[in-house]
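Okay, structure first, notes after.
Please treat every number below as a calculation from the coordinates, not as lab data. Bear in mind the structure is a predicted one, so any value in this text is a computation, not a measurement. Glycine also receives a Cβ, built like all others from the backbone with ideal geometry; neighbour counts cover every protein chain displayed.
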Amino acid sequence: MKEKILLFDLDGTLIDSTQAILESFINASLFFGFNFKGREQEIQTLIGYPLREMFIKMGLPQEKIEECVKLYRSNYERIYLQKTILLPKVMDSFKTLPSSYLLGVVTSKSSFFSKKILENLGMINYFFRIVGIDDVSEPKPSAEPILRALEGLEYDRTKVYMIGDTFFDMQSAKNADVVGIGVQGRYDKNLREYTDFVFEDIQQALDYIKCQL
């Protein structure tokens, strides 16, 4: 049994892919006659939701959603590697983690794009498992993505941490009965409503976890 298991959200927690997401979302919507230029801030508040829900919440008709998703992914695939960066302190803080920890990713992004991004950023080898939205029937805030990441492992739930920057991450942790650790990002400013453990950046969050018995 590993000493601790750390599961990380991706967007807003480890990486910043905001520009790639916004550009792909706006271009896909524009193709179907919905011009969201100038509403980037509104779209940004929806990052963390499954992509289909983002389009629905922005008012696209249900019958256009699947086509929008396909066009979004086509746009995104062309630009996502060039327009995605690691957030500050991520690489340095990972280098200080004990080898007795097991690390995974639980994200609402597809596992295909997630793996490509982490490989491009030199982070892929840190993770034993990457669970994307295409690996589950119910995404976060359901417990399913976390439980899928933990499949086949022996673990103490009090030493399993879900680290993320949105309500979806914290509620998923609660539903899976593991510890939710919030990292204050740009997408959700109300994390303290969902967890008692909120930190300014990933370094502070990981320092806290390392101090826990």
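Between 0 and 90 degrees, the angle of helix 18-31 with respect to the longest Cα principal axis of the chain falls at about 30 degrees. Rounded to the nearest 20, the Cβ-based charge dipole of segment 9-75 about its Cα centre (Lys and Arg +1, Asp and Glu -1) stands at 220 debye. Classification of segment 60-179 by its C-alpha gyration tensor yields an oblate form. The axis ratio a/c (a ≥ b ≥ c) is 1.5 or more, and b/c is at least a/b. Residues whose amide H lies under 5 Å from that of Arg129, counting only those 5 or more places away or on a different chain, are Val105; hydrogens are built 1.01 Å from N in the peptide plane.
The angle between the Cα long axis of helix 202-211 and the longest principal axis of the Cα atoms of the chain comes to about 20 degrees, rounded to the nearest 10. If R0 is 35 Å, the Cβ-Cβ spacing of Glu3 and Gln44 corresponds to a FRET efficiency of close to 0.45.
Helix 167-176 and the longest principal axis of the Cα set of the chain meet at an angle near 50°. Placing +1 on the Cβ of every Lys and Arg and -1 on the Cβ of every Asp and Glu, with no other charges, gives the chain a dipole of roughly 320 debye about its Cα centre. Shape of segment 163-204 from its Cα gyration tensor (a ≥ b ≥ c, root eigenvalues): rounded if a/c is under 1.5, otherwise prolate when a/b > b/c, or oblate? In terms of gyration-tensor shape, prolate.
Taking trypsin sites (Lys or Arg not before Pro) across segment 1-78, the ones in a DSSP loop with at most 16 further Cβ atoms lying within 10 angstrom of their Cβ are Lys37, Arg39. Between the exposed loop cleavage positions of the chain, defined as GluC sites (Glu not before Pro) in a non-H, G, I, E, B DSSP state with at most 12 neighbouring beta-carbon atoms within 10 angstrom, the longest gap is 4-150. How would you classify segment 18-79 from its alpha-carbon gyration tensor, with a ≥ b ≥ c the square roots of the eigenvalues: rounded for a/c under 1.5, else prolate if a/b is greater than b/c, otherwise oblate? Rounded is the answer for segment 18-79, as its axis ratio a/c remains below 1.5. Mean separation of Cα pairs under 8 Å and 6 or more residues apart, divided by the residue count, gives segment 54-129 a relative contact order of 31 percent. Amide H to amide H distances under 5 Å link Phe199 with Gly182, Val183, Gln184, where only residues 5 or more positions off or on other chains count and H is placed in the peptide plane.
Entry note, segment 62-182: relative contact order of 18 percent, from Cα contacts under 8 Å with a spacing of 6+ residues. Take every Cα pair under 8 Å whose residues are at least 6 apart in sequence, average their separation, divide by the length of the chain, and the relative contact order is 26 percent.
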